[in-house]
1. Between segment A:122-166 and segment A:278-310, how far is it from one alpha carbon centroid to the other, in angstrom?
2. At 7 Å along Cα-to-Cβ for each site, give me the label-to-label distance between residue B:80 and residue A:152 in nm.
3. Please compute the average number of Cβ atoms from other chains found within 10 Å of each residue's Cβ in peptide B:109-117.
4. If you wrap segment A:1-159's Cα atoms in a convex hull and average its projection over all directions, what's the area in nm²?
5. Just the C-alpha atoms of segment A:177-227: what Rg/Rh do they give, with Rh taken as the Kirkwood radius?
6. May I ask for the distance between the Cα centers of segment A:331-396 and segment B:91-138, given as a whole number of Å?
7. Which value, in Å to one decimal place, does the Kirkwood hydrodynamic radius take for segment B:1-111 when every pair of different Cα atoms is included?
8. Using packing as a proxy for protection, rank A:169-182, B:43-56 so that the peptide with the highest average count of other Cβ atoms within 10 Å comes first.
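FYI, it's all coordinate maths here, none of it is from the lab. Note that the structure is a prediction, hence the values are computed from the model and not measured. FYI the Cβ positions are ideal-geometry reconstructions off the backbone, even for glycines, and counts take in every protein chain you see.
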Amino acid sequence: MLDILLRKLIKTASGRTRFVMAVMGLSVALLLILAAVQVQANYNELLNGKTNQDSTANFLVVNKEVNNKTLNATTLSDDELKKLQQQPFIDAVGNISPGRFKASIESYTQNFPFKTDIAFESVPNAFIDVNNEDWKWDENSSFIPMIIPNMFLDIYNFQFSVSQGYPQITPAALKTVSFKVNMAAPNGSVQSYTGRIVGFSDRISSVLVPQSFMDWANQHYATQQTSKPSRVVIRTKDPGNPALVSYLKQNGLTADADKTRFSKYRQIVNAVVNVSWITGAVMLVFALLIFTLFIQLTIASCKEEIALLITLGAAPKQLQGFLMKRFFPSNIAITLLSLIVISILQFLLYGILQKQNIYVSAYLSYYTFAVAGIVLLALWVLNYTTINKYIKVNNK
Amino acid sequence: MGTQNSIEINSLIPVPLKEKLLQRSSDIWNRQEVFYSNEWIKIKAPSGTGKTTLTHILYKLRFDYEGSVLWSNKNIKDISDKELAQARQQKISIIFQDLRLFQNLTARENIELNRVLQEPFYENRVIDEMATRLGIAHILEQRAGLCSYGEQQRIAIIRALVQPFDFLLMDEPFSHLDKENITIAAALITEECRKRNAGFILTDLDDDDHFPYTRKLNL
């Protein structure tokens, strides 16, 4: 009953347009801020989420840029390797060991003749994405397993076979083909082994053999003693990390450009998120200001009524409680509305991205709710202190 | 009532009227006086002697005075907003000379507001009973601003009577009423004060015998 009477006395109608402006400003500000938080959350999810782990994306082959200065001097020193390992954005570094011996491969059959010189490389198994039981080697093995880049097969199937009139070949068929591997010892003698392709990878553009074979072969056939790697493979959570890209650049290193190009998108996302943040924050400040003014104005326009209420014995607490009930629910409504709008947008985004095999959550992140809660709390404090202050001022 | 409620004044003198008031003799100004809540006090005050000023000072509406006012032994300058609201809701009711109704609320709403400001002392049907007695039942739903002074004064009287109190302050409460209505209103006030064991302080210009006063003072 008291509330009904107070509502008649303390009218907010005088500032209707101001109220609408304050509500609109607050809504837009909250939308921007919550959207920024949600976009950031989505982005983090994309970077770290399991479902989005791309087998090639997180592994980069890094080597020195080949230019006039580094020509024939592209090996990485121990220092350089150590520094690389210490970077926070690099999880692991795997040396790519080059074969230090001469080798060639040739076909066993005349139906499909080929012969070519070849060089092998190997990396620790942890950096390889082919899980295959054939991918192992010891001195008793009947063949040498190899992994080649998908690109090699593509070059054959779409360029070579067409120009030379050879049949195209499927990856599965190629895996069944055995071929001869000739290895030349330093003294000139040549020994032959059998080789077979056991897998294809996009991760490292090189013909890979198991580390165990590489160690053994280098021991038996090596013509030179250096064992410093010129290429390493690194594992990173985020190949688009601008810090990684700028580190590589500063140290004269290059990596697969395709993967690090993501860095540009990342910078754009960061910029958008930041602009949204800042705009939202600035708007929030103004919206809060308008809201405060609106409260002030309402109290000022009902100055006489409030004074008489207090004269009659209304407690400041009663008036504060009433005014809070008057102003704060609109803030709750705005916050809820913003959350609902962002939820809908997020759900739509989820649907759109899912079609492109990009998986973000269909629901809002906890951070978004937390930020909404914090803003709401700030609004409560602002409402409360403003009302408190102006009732006191009025009372004197 | 456990402890006797009291209003005490010590060397009280309003600053704006100081020189004028000190030149004449008074039972109130610049003296020490205690009013107890079992007393019905009439203060006779010619125009310009600070009648309304006194009422407002006693109700803690103005502070431009020297000396002190104590409610039940507590200086009212030291009581908090909360205690003040508490006292005005429970201990001290008032009928202003200038009535002070909310012009935009109806007569009933004006009375109702003071009834529900605290835990109601009366049910709301009492409003109708009192209004009927004072002859203003027909204007209860009318906006106070549209009522005549006589009607507004009776609304103000009922408003003061629907709340609990130990003291009723009345500042020329019958100025706009005719003799017949004064008698009815005084009877109602008498009943209500007896019901609460409450005292009152009434200020007026002339002598009267509307109430069986226990003390008569000159301002």
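1. Centre-to-centre distance over Cα atoms comes out at 72 Å.
2. 8.5
3. The shielding value for this peptide is 5.
4. One quarter of the hull surface, i.e. the mean projection, equals 23.6 nm².
5. 1.00
6. First find each Cα centre; the distance between them is then 44 Å.
7. 15.5
8. Top of the packing list down: B:43-56, A:169-182.
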